[in-house]
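Any read-out appearing in this document is the output of simple, stated calculations on the displayed coordinates, not a laboratory observation. This structure is a prediction, so every number in the text was calculated from the model and none was measured. Note that we place each Cβ from the backbone using ideal geometry, even for glycine, and neighbour counts take in every protein chain shown.
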Amino acid sequence: MRSITEVCTKAQNLTLSHWRSSQTQFRRKDKLSPERIARLDAIGFMWETPGRGELPHEQWLQHRWDAHFQRLTDFKDRFGHCHVPATWEEDRKLGEWVAAQRDQVRRQRLPADRLQRLDALGFVWQPNSRFTLPPFPAKPTLSRFLLALWETRYAEICA
């Protein structure tokens, strides 16, 4: 039998994943009854988000933001700009994150330090319509590292 955490880890069941997050937040805010905590403990409920380790919530969120920022930096190094389409096939999560940063600015919710980091990278806050299409070569060249990694994974799956 799989644990509830395994079910939610890959968001295979989005509703259950949101519920799981809510229970964790309610417990953190002392809004979850001892009875419910005990019931969840009894089934092996993992209170920490997988991959979060022992980081407090705010530090974990900052760590995730920094990781996305690094992926954006890598994108810029590869293509020379920060215009990641929201539906970029190669890395949809990065495209969604870029769109979320623009939305945060529109709502005036992006912290000043993050705004400055993105500005310093050359982030375009209101790209014109020509950026709705992939602003990078149609057939990107893969680095030797990515080619070698693909070959390694291919060999592993064959085995």
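Taking neighbour counts of Cβ atoms within 10 Å as a proxy for exposure, in what order, fewest first, do HIS18, HIS68 appear? Intermediate values should be presented prior to the final figure.
Numbers: HIS18 12, HIS68 17.
The order, fewest Cβ neighbours first, is HIS18, HIS68.
At 0.36 nm per residue, and after removing the present C-alpha to C-alpha distance, how many nm does the segment from GLN59 to ALA86 gain when stretched out fully?
On the way: separation 27, 0.36 × 27 = 9.72 nm, distance 2.59 nm.
Here the segment from GLN59 to ALA86 would lengthen by 7.1 nm.
Over the alpha carbons of the range 70-110, what is the largest minus smallest coordinate on each principal axis, giving the biggest first in Å?
30, 18, 14
Just want the ordering: ILE43, ILE157, ILE37, from fewest to most Cβ atoms lying within 10 Å of their own Cβ. Spell out each step's value before the answer.
On the way: ILE43 10, ILE157 7, ILE37 15.
Listed from fewest to most nearby Cβ atoms, that is ILE157, ILE43, ILE37.
Would you mind getting me the FRET efficiency between ARG39 and GLU156? Use the beta-carbon distance for r and R0 = 41 Å, nearest 0.05.
Details: r = 40 Å, r/R0 = 0.98.
With R0 = 41 Å, the Cβ-Cβ based efficiency is 0.55.
Compute the signed sum of charges (Lys and Arg +1, Asp and Glu -1) over the other residues within less than 15 Å, Cβ to Cβ, of THR87. Intermediate values should be presented prior to the final figure.
On the way: positive: ARG92, LYS93, ARG102; negative: GLU89, GLU90, ASP91, GLU96.
That works out to -1.
Could you list LEU121, LEU72 so that the one with the fewest beta carbons within 10 Å of its beta carbon is first and the one with the most is last?
Numbers: LEU121 14, LEU72 21.
Going from least to most buried by this count: LEU121, LEU72.
Once a ≥ b ≥ c are taken as the square roots of the eigenvalues of the Cα gyration tensor of the range 33-107, is the result rounded (a/c under 1.5), prolate (a/b larger than b/c) or oblate (a/b not larger than b/c)?
On the way: a/c = 2.81, a/b = 2.60, b/c = 1.08.
Since a/c reaches 1.5 and a/b is larger than b/c, the shape of the range 33-107 is classed as prolate.
If you add up the charges near VAL105, with Lys and Arg at +1 and Asp and Glu at -1, over every other residue whose beta carbon is less than 14 angstrom from its beta carbon, what do you get? Please report the intermediate quantities before stating the final value.
Working: positive: ARG102, ARG106, ARG107, ARG109, ARG114, ARG117; negative: ASP103, ASP113, ASP119.
Neighbourhood net charge equals +3.
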